[in-house]
Amino acid sequence: MIIKDVVPKELAAGGALYVVATPIGNLRDISPRALDVLRSVDLIAAEDTRQTARLLQEYGVRTPMSAYHEHNETSETERLVALIIQGAKLALVSDAGTPLVSDPGFKLVRAIRDLGLPVIPIPGACALVCALSASGMASDRFLFLGFPPRHSEARQALFQAVSSEPGTLILYEAGPRIQDTLMDLNVIFGSERNVVLARELTKLYETFLEGTPTLLLKVLEQDPMQKKGEHVMLIAGARQQLTQHAQELEEAKEILKILLDELPLKQATKLAARISGCSRNELYKTALSLLERSSY
Ligand code: SAM
C-alpha cells in the first residue's frame with residue numbers, strides 16, 4: 001500500500017491521531033507544539049494516566065485522558081479508532097519519551113494508517129537518541145535492540161546474533177539487570193568493546209560512564225548507586241573495534257619498518273609485538289609482505 005499524507009499537519013480537519021513525545025525526566029523538555037496539541041485534542045490516550053496527569057498539571061492542560069497500555073491495547077485500539085472515524089482528534093502519549101519506542105501504540109498507529117486517516121508525529125525526547133547524541137559513540141550508524149531478554153542465555157544469543165553489526169548497539173535496561181547484562185556482553189564480545197552507560201538522562205543524577213564491561217563492573221561494585229535508575233547502554237559496534245585494531249596494526253607496521261632496517265625478520269617481529277601489543281603472528285605476516293614489496 002502507498003502511504004501518503006492526506007491532510008496538512010496543523011490543519012487536520014476531522015479525526016486524527018497525534019503521536020506526542022513527552023519528557024524523559026526534565027519536565028521542561030516538552031515543545032510548545034506538543035503542549036498546543038495536548039490542549040486542543042478531544043482526548044489523550046496515556047500509558048499511565050497518573051504519570052501523565054503530573055505533566056498536564058505542570059502546564060495547566062485540562063484535556064480528558066483514558067488509559068492505553070499493553071494490557072488493554074487490543075480493546076482500546078478498537079474504541080479509539082471508532083472515535084477517530086467519528087471525527088475526534090486524539091493524542092497518544094507514553095510515560096516518557098516517544099510513544100512506540102519500547103512503548104505501546106503500534107497497533108493504534110497501524111490501524112489509523114490502514115484507514116488512510118492522519119497520524120501526525122509531534123517529536124521530542126527519546127532516551128536512545130538523547131544518550132547517543134552525547135555518548136561520544138559512533139552515531140552515523142546504530143542498531144536499537146530495545147530491552148534485551150531477561151534470561152542470560154537468551155541475552156547471550158542476542159549479542160551473538162549482532163556481534164558483527166558495524167554500528168553502535170543500543171539497549172534499554174533497568175538498573176537491577178545492568179550488572180548481569182554487562183557480564184553477558186563480556187562473555188560474547190570479550191573485554192575489549194567500549195560500553196557507555198547513560199543513566200538518569202535529563203535528571204538530577206544524570207551520569208555517563210564509559211569503559212570496557214570489566215571496568216564498568218568494577219565501578220558498579222565500588223559505587224552501587226550507579227546501578228540505580230534508568231539506563232541506556234551503548235556498545236561500540238564491530239566496525240569501531242576493527243578500526244581501533246587496524247590503527248594499532250598501522251602503528252605496529254611503522255615500528256616494524258624501522259626494526260627491519262636493523263634486525264633479522266624474527267627478531268624485528270618479536271620486538272615490534274612487544275612494543276605495540278599486536279600479535280606476533282599477525283606482525284610476522286605483515287613483515288613478510290613488507291619485505292616482499294620493498295627493499296627491507
Ligand atoms: N519511549 C521511551 C523513549 O522514547 O525513550 C522509552 C520507554 S521504555 C519503556 C523505558 C526505558 O527507556 C527505561 O527502562 C530506560 O532504559 C530508558 N529511559 C527512559 N528514560 C530514561 C532516562 N531519563 N535516562 C536513561 N534511560 C531512560
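Read-outs: derived from the displayed coordinates by stated rules, not from any lab. In this text the structure is predicted, and so the values were computed from the model without any measurement. As a convention, Cβ positions derive from the backbone with ideal geometry for all residues, glycine included, and neighbour counts pool all protein chains shown.
Would you mind computing, in nm to one decimal, how far apart the modelled labels at K257 and A174 are, each placed 7 Å from Cα along Cα→Cβ?
5.6 nm
Tell me, what is the FRET efficiency for S102 and E78 to the nearest 0.05, using R0 = 35 angstrom and their Cβ-Cβ distance as r? Walk me through the numbers on the way to the answer.
Numbers: r = 24 Å, r/R0 = 0.67.
It comes out at approximately 0.90.
Separation of the range 195-268 and the range 113-187 by C-alpha centroid, Å?
If we compute the Cα centre of each part, the gap is 19 Å.
Once the range 111-203 is represented by equal point scatterers at the alpha-carbon sites, with solvent omitted, what log10 I(q)/I(0) does the Debye formula produce at q = 0.14, 0.25 Å⁻¹?
Those come out to -0.61, -1.42, one per q.
Each label point is 7 Å from the Cα along the Cα-to-Cβ direction; what then is the distance between the points at S139 and M225, in nm?
In this crude spin-label approximation the distance works out to 2.8 nm.
If the chain between E250 and E153 were fully stretched, how many nm would it gain, using 0.36 nm times the residue separation less the Cα-Cα distance?
On the way: separation 97, 0.36 × 97 = 34.92 nm, distance 3.73 nm.
That works out to 31.2 nm of additional length.
For R110 and R39, FRET efficiency with R0 = 25 Å and r from the beta-carbon atoms, rounded to 0.05?
The calculated FRET efficiency here is 0.40.
Stretched out fully, how many nm does the piece from D48 to A88 gain, at 0.36 nm a residue minus the Cα gap? Walk me through the numbers on the way to the answer.
On the way: separation 40, 0.36 × 40 = 14.40 nm, distance 2.10 nm.
Separation in residues times 0.36 nm, less the Cα-Cα distance, equals 12.3 nm.
How much length, in nm to one decimal, is gained on full extension between Q57 and S289, taken as 0.36 nm per residue of separation minus their Cα-Cα distance?
Values: separation 232, 0.36 × 232 = 83.52 nm, distance 7.04 nm.
So the chain would gain 76.5 nm between Q57 and S289.
Of all DSSP beta bridges in the chain, what percent run antiparallel (nearest 5)?
Working: 17 of 35 bridges.
Taking every DSSP beta bridge with both residues in the chain, the antiparallel ones total about 50 percent.
Going by C-beta contacts inside 10 Å, put Y68, Y59, Y284, Y18 in order with the fewest on the left.
Details: Y68 28, Y59 12, Y284 17, Y18 24.
Ranking Y68, Y59, Y284, Y18 by Cβ neighbours within 10 Å, fewest first, gives Y59, Y284, Y18, Y68.
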